[in-house]
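One structure is given below, encoded as structure tokens.
The values are calculated or read from the model by the stated rules, or taken from the named source; none is laboratory data. All of these numbers come straight from a predicted model, not from anything done at the bench. With ideal geometry, Cβ positions are generated from the backbone for all residues, glycine too; neighbour counts draw on all protein chains shown. The accessibility values were calculated without ligands, DNA or RNA, using every heavy atom of the protein model including side chains. Shrake-Rupley method; radii C 1.70, N 1.55, O 1.52, S 1.80 Å.
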Amino acid sequence: MTIPETTPPSAAKGAAGSGLFNRWLTRIALATGGTVLTVMTLLCVVNVLIMRKLLAAPIVGAEDALILFLVTFVALSIPFGARTGAHIEIEVVSEMLPRRLALGLHIVARFGGGAFLGLMSWQLAEAGSHAARFGEVTQQLEISYEPFYYLLAVCFGLFAANQIADAWQMIRTGQAAILSLEGEA
């Protein structure tokens, strides 16, 4: 007795504006994620193979840049992963429950998750507002972590909004839509 918690993208079109949001999120995540991964790869190859091994003069601050690129990549993948259903869900117990009870538990879990992620977003924004004052900077280049805290706050906020929207959609339709990359070009 399984619960269809997620549905193909056709159900996503039922929510007002979700198609536009999904297209926007997909384009931003794939374009920036691909760009960040390409830059990280090139920086690693150039820094290690050419600058360090061949010329014995590594790029100053390359490690700082890689760390910040990685934070950016992870931050941008959070809301995208939420829309595509990429985050882990354990449904062992819910499969044994009656459908309505399991649906109710899923709705409570989504609202609870949304509240917790909203709290995380708020705390990340708070940490960002204090980062410069407390000297939270990278080791070599001394780049402030402040904008990266804000980026994480926005991305966790989008994840929280996604959880709340999914819970609301589950209340209305009994299931939540996920974004599918099938047919994306």
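What the table shows:
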read-out	value
Filter result for Val60 (at negative phi and not in a helix (DSSP H, G or I))	yes
Members of the stretch 78-106 that are of a type outside the set (S, T, N, Q), closer than 14 Å to Ala29 by Cα and open to solvent by less than 70 Å² (accessible area, probe 1.4 Å)	Ile78, Pro79, Phe80, Gly81, Ala82, Arg83
Residue in the stretch 171-182 that is under 30 Å from Leu66 (Cβ atoms), β-branched (Val, Ile, Thr) and out of contact with any Asp or Glu (no Cβ under 8 Å at 6 or more places or on another chain) present	no
Any pair with Cβ under 7 angstrom, 6 or more apart, that starts in the stretch 92-110 at a residue that is part of a helix (DSSP H, G or I) and ends at one that is at pLDDT below 90 and of a type in the set (S, T, N, Q)	Glu95/Thr2; Ala102/Ser94; Leu105/Ser94; His106/Ser94
Selection count, the stretch 126-140, where residues are in contact with a helix residue (DSSP H, G or I) (Cβ under 7 Å, 6 or more places away or on another chain) and surrounded by 12 or more Cβ atoms within 10 Å (Cβ to Cβ)	6
